[in-house]
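Novice: Take a look at the following structure, please.
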Amino acid sequence: MVSIVLGSQETIFRRALGNTLRQHEEFKVLGTGELERLHQLVAIHQPSLVVLDARWAQACPDLLDRLLAGPTRPRVLLFADTLAGPEVLAAVKQGVHGCLPRDSQPATWQRAILAVHAGEPWIPRGLMAEALVNLKQQIGMERPAPANMEQLTERQRDIVGWVTQGLSNKEIGRHLGISPTTVKTHLHNIFERIGVSGRQH
């Protein structure tokens, strides 16, 4: 069951999307509201997913940080009129789990929500590539990456894949059927083998 809080300033769109999502038995819409109510809804209901208007990320810069780093840490799926907007790129760089056009078909909304809930990113490749290039330029990392994935075992490469999607050791362990402590040991070995100092690298 995917528990959802939906945030949008547009009442008509919010109601329409909420009604569409409620038609699927795997979705439970816990609440919908405007920006002023969003944090209250998230705190009360502790949803597994927040569906959010991308314009809010620009209007309230600390909003995504508070959601992504908060105690409940829901996954965040943004929607926008166009994914070419600067607010969408900025949100991708902040670590949102997915984004899609506002006018996507109901079947696309369903697939995106299920994918993001399952820990898979739902971000167009072009947008992700632009975010990575932009981030590299911003922090001056125009040097070859030290990581050499060929040095890793298949299990270690799986773990690196989950880490790059922002999963915690506990979440990775759940996916792979191993304990968080074993994940931590694998990560230590990975860092040493490819010459990086931690998860962010």
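Novice: Mean-square fluctuation check for the chain, GNM, Cα pairs under 10 Å: which of 176, 83, 100 is largest?
Specialist: 176
Novice: Determine the calculated [θ] at 222 nm for the chain from helices alone, applying -39500 (n - 2.57) to every DSSP H run no shorter than 4 residues and normalising by the residue count; nearest 500 deg cm²/dmol.
Specialist: Calculated at 222 nm, the ellipticity per residue is -15500 deg cm²/dmol.
Novice: Moving to a separate point now. State, to one decimal in nm, how far the label point of residue 181 lies from the label point of residue 16, with both points 7 Å from Cα in the Cβ direction.
Specialist: In this crude label model, residue 181 to residue 16 measures out at 5.3 nm.
Novice: Mind ranking 122, 56 by accessible surface for me, highest first, 1.4 Å probe?
Specialist: 122, 56
Novice: Same structure again: Ranked highest first by the average count of other Cβ atoms within 10 Å around their residues, in what order do 41-53, 84-96, 154-166 fall?
Specialist: 41-53, 84-96, 154-166
Novice: Can you give me the long-range amide H partners of residue 78? Hydrogens built in the peptide plane at 1.01 Å from N, cutoff under 5 Å, separation of 5 or more residues or another chain.
Specialist: 52, 98, 99, 100
Novice: Further question: Under a point-charge model restricted to the Cβ atoms of Lys and Arg (+1) and Asp and Glu (-1), what is the dipole moment magnitude of the chain relative to its Cα centre, in debye to the nearest 20? Mind dumping the intermediate values first?
Specialist: Numbers: 22 positive and 19 negative charges, 79 e Å.
The dipole magnitude comes to about 380 debye.
Novice: Express the accessible area of the chain per residue in Å², computed with a 1.4 Å probe while the remaining protein chains stay in the model. Provide the component values of the computation, followed by the final result.
Specialist: Values: 11280 Å² over 201 residues.
Using a 1.4 Å probe on heavy atoms only, each residue of the chain averages 56 Å².
Novice: Once phi is turned into θ = phi - 60°, what whole-Hz ³J(HN,Hα) does the Karplus curve with 6.51, -1.76 and 1.60 give for every residue of the range 169-184, x standing for Gly and Pro?
Specialist: With the stated coefficients, the range 169-184 comes to 4, 5, 5, 4, x, 5, 5, 9, x, 10, 7, x, 5, 5, 4, 4 Hz.
Novice: Keeping the other protein chains in place, figure out the carbon and sulfur percent of the accessible area of the range 1-122, with a 1.4 Å probe.
Specialist: For the range 1-122, the apolar C and S fraction of the accessible surface comes to 51 percent.
Novice: Using only the heavy atoms of the protein chains and a 1.4 Å probe, how would 22, 14 rank by accessible area, largest first?
Specialist: In descending accessible area the options line up as 22, 14.
The values are calculated or read from the model by the stated rules, or taken from the named source; none is laboratory data. Everything numeric in this text was worked out from a predicted model, so none of it was measured. Please note: Cβ atoms are built from the backbone with ideal geometry, for glycine as well, and neighbour counts cover all protein chains shown. SASA here: full protein model, heavy atoms, side chains in, ligands and nucleic acids out. Shrake-Rupley method; radii C 1.70, N 1.55, O 1.52, S 1.80 Å.
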